[in-house]
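As structure tokens, the structure follows; a few thoughts come after it.
Each value in this text was obtained by applying a stated rule to the coordinates, not by laboratory testing. Since the model is a prediction, treat every value here as computed from it, not as a measurement. As a convention, Cβ positions derive from the backbone with ideal geometry for all residues, glycine included, and neighbour counts pool all protein chains shown.
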Amino acid sequence: MTSPSTATERTGSGLGLLAVLMPAILVTVTASDMVNLMLPTIGSEFGASEAELAWVVTGFLLMFSVGIPLYGRISDRVSLRRLFAFALLTYAVGSLICALSPSLAVLVAGRIVTGIGAAAIPVLSIIAVTTLLPPERRGVGIGVVSAGAGVGTAAGPALGGGIGEALSWPALFWIMLVVSLLLLFPALRVLPDATPRSTGRLDLPGGLLLGLGAGLVLFGMTRAQVSGFTEPLSWGSLVVAVAALVLFGVRTVRVDQPFVPPSLFTNRVYRTGILVAFLAMAVNLGGLVFVPLLLVEVNGLTPGEGALVMIPAGVVTALLAPWIGRLAGRVGTRLLVLCGLGLIGLFSLFLSSFTGGSSVVFAGVGILGLSIGFMLVMTTIIGAAARELPPEQTGVGLGVLQGAQFLGAGTGPAVFGVLVSAREQGGSDAVNPLYSGADGSAYSDVFLAMAVVVVLALVVASRMRPTAGPEAPAGAGAGPKAEAAPAAPNPGGPASAPR
């Protein structure tokens, strides 16, 4: 790929690059949730049932989960400029289909096309920061890109609900169409067209098995969130997903050039990071889903008001993101990950204990602390993982890592949603003795369960080998031998991070 020095000359200290990547990831992350509050309106217009409406969200998420590892692998052999342009154009076409859709079926088809394009943006943005910025600027770059994801996640429902109510739901897709086209030409200007040096055959069957497994896991979890795990479509999807992933594993060890090289998992930092990313994202999305629900059902806010409570967390984490990225380049990996997980666990317990009153301040403070801890964890993990990967495996390695993170996003709300339903039906008091609210004990138990998941993540993260604070160049620590030796000193920043 293009060297960092060459890329810096093209992008002017990386400012031009980040000016394209941040809004691109902001738009795509916002798109995943922006229609949620408008689903009742869409259902009324098209006469659709709740199960049919779910496909407006599920179709997008399925393509997203399938596409992330595929784009990561393809980026090892196709230029970033061409892939990014394809992604933005596909996203624009999908947005146009959605905006003009005369029926629910066409809208779902448009969302599927949109998801195909959107899946590329997070992983390609991380790869671009990792490979194009010089080491001393990667930490800040990761933080800036992460800020786009954080703001998009927190503001997506509120923006979607507000714009949808004011201008109607098709306006959401017209806006996304315009923004994606506006980003296309700057992307063509700042991203290099150099062909990566990866050679060899692309294991497409292996990639399809991995994508099928990931997609069916997400689909099964999404169905379980609606109908429970006892529904045949829920557990059946999960069974087929497990079979597909087992076949993927068998193929990986038998073919000469597998889709995911097994050598990726010989490095303890990388394989531990995958599991920690999955668990941390499950808790983070659990908070982002169930805090607004708590505000609506317990505090009596409207959905729009509940979403607005989340915006300060997105704004603060966006402001802190460059600093967090810089810090991640100067402090040891394990220490920062443990500190970030500690914050997530502490504020999960805080939400479990103090969100039963009439004030919404406790919920806002809880989700703010949880979001800061999550950004600290993911910035550090993915920066460390990128440093450990050899250059020819950067794309697939970061794609798999982001795929694990995204699966956590689908799994967490589904599992916690089943717990909420069970606890609401039981009608018993909250398990947490510090919770004193008259209502909302089921939510207290969910936030307590999130804290328990964080404890598991802390146990896993404690097995990371300690690393020196300053960064080694990307790929310097890759391979089994690197596990026994500390990272080579280098005053740079991390190397990538999807949030």
From largest to smallest, what semi-axes in whole angstrom does the chain give when each is the square root of 5 times an eigenvalue of its alpha carbon gyration tensor? 33, 27, 22
Student exercise, region 139-290 dipole from Lys, Arg, Asp, Glu Cβ charges, in Debye to nearest 20: 440
Using each residue's phi in region 185-191, evaluate 6.51 cos²θ - 1.76 cosθ + 1.60 at θ = phi - 60° and report the 3J(HN,Hα) Karplus result to the nearest Hz, with x for Gly and Pro. 6, x, 5, 5, 7, 9, 8
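Run through region 432-461 and list the chymotrypsin sites (Phe, Trp or Tyr not before Pro) located in a DSSP loop whose Cβ has at most 14 other Cβ atoms within 10 Å.
Details: sites: 435, 443, 447; in loops: 435.
Passing sites in region 432-461 do not exist.
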Please work out how much length the chain gains when fully extended from residue 335 to residue 231, using 0.36 nm per residue of separation minus the C-alpha to C-alpha distance, in nm with one decimal. 33.2 nm
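What full-extension length gain, to one decimal in nm, is calculated for residue 188 and residue 459 as 0.36 nm per residue of separation minus the Cα-Cα distance? Present the calculation step by step, with values, prior to reporting the outcome.
Values: separation 271, 0.36 × 271 = 97.56 nm, distance 4.38 nm.
Gain on extension, residue 188 to residue 459, equals 93.2 nm.
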Just from the alpha-carbon atoms, what are the Rg and Dmax of region 59-218 in angstroms? 16.7, 52
What ³J(HN,Hα) values, in whole Hz, does the Karplus curve 6.51 cos²θ - 1.76 cosθ + 1.60 give for region 224-232 when θ = phi - 60°, with x put for Gly and Pro? 5, 5, 8, 10, x, 6, 7, 5, x
So, with +1 on the Cβ of K and R and -1 on the Cβ of D and E, and no other charges, what is the size of the charge dipole of the chain about its Cα centre, to the nearest 20 debye? 1740
If R₀ is 60 angstrom, what is the calculated FRET efficiency for the pair residue 163 and residue 255, using the beta carbon separation as r and rounding to 0.05? 0.80
What list of ³J(HN,Hα) values in whole Hz, one per residue of region 34-39 in order, does the Karplus curve 6.51 cos²θ - 1.76 cosθ + 1.60 (θ = phi - 60°) give from phi, with Gly and Pro shown as x? 5, 8, 4, 6, 9, 4
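Work out how much length residue 305 to residue 103 would gain on full extension: take 0.36 nm times their residue separation and subtract the Cα-Cα distance, in nm to one decimal.
Details: separation 202, 0.36 × 202 = 72.72 nm, distance 2.96 nm.
Extra length from residue 305 to residue 103 when fully extended: 69.8 nm.
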Gyration tensor (alpha-carbon) shape descriptor, region 386-465, a/c threshold 1.5: prolate
At residue 208 and residue 436, where each label point lies 7 Å from the Cα along Cα→Cβ, what is the point-to-point distance in nanometres? 6.1
What FRET efficiency do you get for residue 77 and residue 240 if R0 is 51 Å and r is their Cβ-Cβ distance, rounded to the nearest 0.05? 0.95
Under 5 Å from the placed amide H of residue 360, counting only residues 5+ away or on other chains, we find none
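Divide by every residue of the chain the summed helix terms, -39500 (n - 2.57) for each DSSP H run of at least 4, and state the resulting mean residue ellipticity at 222 nm, rounded to the nearest 500 deg cm²/dmol.
On the way: 17 runs with 370 residues, N = 499.
So the helix-based figure for the chain works out to -26000 deg cm²/dmol.
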